[in-house]
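> Sharing a structure with you now.
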Amino acid sequence: MAQRGSKWRQGCQALLLLLVPLGHLRSQCLSAKAASESLFDLVFSIVVFGSIVNEGYLNSPSEGEEFCIYNRNPNACSYGVAVGVLTFLTCLLYLALDAYFPQISSVKDRKKAVLSDIGVSAFWAFLWFVGFCYLANQWQVSKPKDNPLNEGTDAARAAIAFSFFSIFTWSLTAALAVRRFKDLSFQEEYNTLFPAAAQP
């Protein structure tokens, strides 16, 4: 009976030794996917704030001052620019973290980094949802007489469209981070159960 238990334990160890490299490979693939998603997030944020900064403000000959293309609401333009710029900076930060991630030796530190990625990605997905609804609503109620020549309309629509796309890219980034967290949890459990085998 003891011999059978010993063989069963050896079989489990062999299976885990096989699964850990596969889990590591999967984690690398997820990291590459997360990096590509961050690049999409980066590009989309540039499109949004670039469109608003370049063509989101119109000049009124009669009033002699600029006004926001979104229903003359300066808060709408400010929100789009602020979210776009802050998202851009966040993407740069997390791309740097992705590059540094393989050098983090502690599984606990890696889990903290991935947990922050989950929280930040979910937060930005929510802010982009709010931004999309806000910009689309203000665009819908804009008066044609404020922009008779239809200046900057393509840029305004582009900012709305890429705000919408950003909801899904940030949600996908959060989902990939959740999968990375599960892989790290498995690796931590393995290191706890078999500390000798976990050492390089």
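> Could you tell me what percent of the accessible area of segment 53-116 is made up of carbon and sulfur, with a 1.4 Å probe and every protein chain present? Provide the component values of the computation, followed by the final result.
Numbers: 2090 of 3670 Å².
Taking all protein chains in place, segment 53-116 shows 57 percent carbon and sulfur surface.
> If you take the beta carbon distance between Glu66 and Ala96 as r and set R0 to 30 Å, what does 1/(1 + (r/R0)^6) give as a FRET efficiency, to the nearest 0.05? If you can, show how the numbers build up before the last one.
Details: r = 36 Å, r/R0 = 1.19.
It comes out at approximately 0.25.
> Further question on the same structure: From the phi angles alone, apply the Karplus equation (6.51, -1.76, 1.60; θ = phi - 60°) to segment 155-168 and give each ³J(HN,Hα) in whole Hz, x where the residue is Gly or Pro.
For segment 155-168, the Karplus curve yields 5, 5, 5, 4, 4, 5, 4, 6, 5, 5, 4, 5, 4, 6 Hz.
> If you take the square roots of the eigenvalues of the alpha-carbon gyration tensor of segment 63-107 and sort them as a ≥ b ≥ c, do you get rounded (a/c under 1.5), prolate (a/b over b/c) or oblate? All intermediate terms of the calculation are to be shown ahead of the outcome.
Values: a/c = 7.80, a/b = 4.99, b/c = 1.56.
Here segment 63-107 falls in the prolate category.
> State the Cα centre-to-centre distance between segment 141-168 and segment 55-87 in whole Å.
11 Å
The values are calculated or read from the model by the stated rules, or taken from the named source; none is laboratory data. If you're wondering where the values come from, they're calculated on a predicted model, not measured in any experiment. Every residue, glycine among them, receives a Cβ derived from its backbone with ideal geometry; neighbour counts consider all protein chains shown. All accessible areas refer to the heavy atoms of the entire protein, side chains included, with ligands and DNA or RNA removed. Shrake-Rupley method; radii C 1.70, N 1.55, O 1.52, S 1.80 Å.
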